[in-house]
1. Between E148, E117, which is assigned to a loop (DSSP other than H, G, I, E, B), of a type outside the set (G, A, S) and either open to solvent by 70 Å² or more (accessible area, probe 1.4 Å) or over 22 Å from M6 (Cα atoms) (or both)?
2. For the range 60-84, which residues satisfy the criterion of being assigned to a strand (DSSP E or B), hydrophobic (A, V, I, L, M, F, W, C) and over 16 Å from the mean Cα position of the chain (by Cα)?
3. If you check G92 against the conditions, is it touching a residue at least 40 places away in the same chain (Cβ under 8 Å) and of a type outside the set (D, E)?
4. Can you work out which of the residues in the range 93-104 that are assigned to a loop (DSSP other than H, G, I, E, B) and open to solvent by less than 40 Å² (accessible area, probe 1.4 Å) is nearest to T121 (Cα to Cα)?
5. So, in the range 118-166, how many residues would count as being without any contact (Cβ under 8 Å) to a residue 12 or more places away in the chain and more than 23 Å from V51 (Cβ to Cβ)?
6. Can you name the residue in the range 120-145 that is touching a strand residue (DSSP E or B) at 6+ places or on another chain (Cβ under 7 Å) and of a type in the set (K, R) and, of all such residues, is most open to solvent (accessible area, probe 1.4 Å)?
7. Of these, V51, V32, which one is at pLDDT 95 or above, touching a Leu at 6+ places or on another chain (Cβ under 7 Å), open to solvent by 20 Å² or more (accessible area, probe 1.4 Å) and part of a strand (DSSP E or B)?
8. In the range 1-29, what residues are acidic (D, E) and either under 14 Å from D122 (Cβ atoms) or open to solvent by 20 Å² or more (accessible area, probe 1.4 Å) (or both)?
Amino acid sequence: PKWIWMAAEIYSEDFYLRARRTFTVDAKPAAVRLRVTAFSDYVLYVNGRYVGCGPAPSTLESPLLDVYAEADLPLVRGKNVIAVLAHNLHVGLPRKPRLPGGLWLELVITGRRGRKETIATDRRWRIAPAEDFSRRAPRLYWTAGFAEIRDTRREPKNWTSAAFSDKRWAEADEVPPETLDGAAALRPRERAVQRL
């Protein structure tokens, strides 16, 4: 996987990004595993269903990858979509350093005969700024982030479903490793996500 974001917004404060990737599953898989992280936060959907959010506070040198298993992921035979709402504060907070925007995701699907297919963040993902979130929200306090001001009427209808057309969205930009201050040598830690 590559770190992706919108190039013009890598250093923007309080920026919300939507990202999507459609793919096809030919048959019921034997196993599925999805790992994801973002600077600063993400909300993950698969085929229109909320799957989870995170990550817990982590660092650039050792980002925390949330791990979702087959039971968490409502994949179907045919067309599927992974949709992510990602948010980058780009301000330093206690236990959360100031980092450029970035989303990292890897889905590994293992077939019945052991063949593996990987869906990972790269330029094939489609992205768009989440224009329903205000870019003028005030910062609450130096130890806190920004107030969340949102006009839900501006949210793209059904953007998390496989039927949604993202043709007008831009191709994702890969975040160069030097932008992430040496992120090419990341030592990720994994955290299994607990189902509620």
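1. Testing whether each residue is assigned to a loop (DSSP other than H, G, I, E, B), of a type outside the set (G, A, S) and either open to solvent by 70 Å² or more (accessible area, probe 1.4 Å) or over 22 Å from M6 (Cα atoms) (or both) leaves just E148.
2. A69
3. no
4. Among those residues, the one meeting the criterion is G101.
5. Looking only at that region, the number is 5.
6. Checking each candidate, the answer is R124.
7. V51
8. Those that are acidic (D, E) and either under 14 Å from D122 (Cβ atoms) or open to solvent by 20 Å² or more (accessible area, probe 1.4 Å) (or both): E9, E13, D26.
The values are calculated or read from the model by the stated rules, or taken from the named source; none is laboratory data. What you are looking at is a predicted structure, and each value in this text was computed from that prediction instead of being measured. Reconstructed Cβ throughout: ideal geometry from the backbone, glycine too, with neighbour counts over all protein chains shown. We work out accessible area using only protein heavy atoms, side chains counted, and drop any ligands, DNA or RNA first. Shrake-Rupley method; radii C 1.70, N 1.55, O 1.52, S 1.80 Å.
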